[in-house]
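Notes for the one structure printed next.
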Amino acid sequence: MDALFYILRTGCQWRNLPSCFPKWQTVYWYFNRWKKQNIFSELNCILNQLDRKRENRNENPSAFCIDSQSVKLAPMIYENRGIDAHKKVNGRKRQLLVDTGGRIWFAHVHAANEADGRAALNFSADILCQDERLQKIYGDQAYNGIFADKIREFGFEFEKASRPESAKGFVPVAKRWVVERTIAWTNFFRRIVKDYEYTTSSSVAWLLLANIQLMLQRSHPLDQT
């Protein structure tokens, strides 16, 4: 895990992993195995629950916030690649489902040219697996169509929270700014500033690892004295 966190933070290539860690082939083997066994997903969920308890909150969220981020894709990778015409990005799009504290619970990665609302339907199973506390999901106008209709079919409430049409640049939106902050947090992890992965499942795994590291740092902060 320390080797994976090192790659996540520094963005180094597998073959450039320092000799103080196990051989890169061994580290990659565990990364690939844990990814396929959903170990990262399970660990992420447990740490999110522990962090919520640390703040004296119920371990399960009552509301989610959803948003997407378009990122460039590394050269020579053609799988799940597209152009986001609105943001002028040639690469992939990340869908993040976070709670009101900004913790990433679920992530989905797809080509950047796919519509947000339709692609977000991949969260359907994850949303249905939540307990009875979940009541509402916040999103912007991009999710107000097919995704919002599906959420209401499931018995949840969808609330559109968008910035005023006359506003320019970044404007914090009440009850939805937390997911924008989470997207900003990803800039501190060089491995995910840009998508370097051949498979979208690996892209999701690195996003979950970023959240895992954040939750571990909150649980065991460094001594500042």
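The values are calculated or read from the model by the stated rules, or taken from the named source; none is laboratory data. Keep in mind the model is a prediction, meaning the values are calculated, not measured. Neighbour counts run over all protein chains shown; Cβ positions are idealised from the backbone, glycine included. Accessible surface is based on the protein model in full, side chains and every heavy atom, while ligands, DNA and RNA are left aside. Shrake-Rupley method; radii C 1.70, N 1.55, O 1.52, S 1.80 Å.
For the reader, a short list of remarks on this structure follows.
- Gaussian network model of the chain, springs between alpha carbon atoms under 10 Å - residue of 102, 11, 91 with greatest fluctuation: 11
- Each semi-axis of the equivalent ellipsoid for the stretch 39-140 is √(5λ) with λ an eigenvalue of the Cα gyration tensor; in descending order they amount to 29, 14, 12 Å.
- Exposed loop positions in the chain were taken to be chymotrypsin sites (Phe, Trp or Tyr not before Pro) whose DSSP state is not H, G, I, E or B and which have at most 11 other beta-carbon atoms within 10 angstrom. Between these positions, the longest stretch is 79-169.
- Taking amide hydrogens as placed 1.01 Å from N in the peptide plane, the amide H of residue 89 sits under 5 Å from those of 84, each at least 5 positions away in sequence or on another chain.
- Over all other residues within a Cβ to Cβ distance under 9 Å of residue 137, the charged ones net out to -1, with Lys and Arg as +1 and Asp and Glu as -1.
- Over all other residues within a Cβ to Cβ distance under 15 Å of residue 112, the charged ones net out to +2, with Lys and Arg as +1 and Asp and Glu as -1.
- Counting only lysines at least 8 places from residue 93 when in the same chain, those with an alpha carbon closer than 29 Å to its own are 35, 36, 72, 136, 150, 160, 168, 175, 194.
- Where the stretch 61-158 is the region considered: accessible area per residue in Å², 1.4 Å probe: 44 Å²
- Kirkwood analysis of the stretch 1-67, using all unique Cα-Cα pairs, places the hydrodynamic radius at 14.2 Å.
- For the stretch 1-73 versus the stretch 191-210, the spacing of their alpha-carbon centroids is 9 Å.
- Coarse-grained scattering of the stretch 182-225 at q = 0.13, 0.16, 0.17 Å⁻¹, given as base-10 log I(q)/I(0) from a Debye sum over alpha-carbon atoms: -0.34, -0.48, -0.53
- Accessible area (Å², 1.4 Å probe, nearest 10) - residue 93: 20 Å²
- Most mobile of 190, 52, 15 in a GNM of the chain (Cα contacts under 10 Å): 15
- Net charge, residue 202 excluded, C-beta distance under 14 Å - Lys, Arg +1, Asp, Glu -1: +4
- Accessible area (Å², 1.4 Å probe, nearest 10) - residue 204: 30 Å²
- Contact order relative to length of the chain, as percent, for alpha carbon pairs under 8 angstrom and 6 or more apart: 25 percent
- Restricting the stretch 63-166 to GluC sites (Glu not before Pro) that sit in a DSSP loop and have at most 10 other Cβ atoms within 10 Å of their own Cβ leaves 132, 165.
- For the chain, alpha-carbon Rg relative to the globular expectation (2.2 N^0.38 Å, N residues): 1.03
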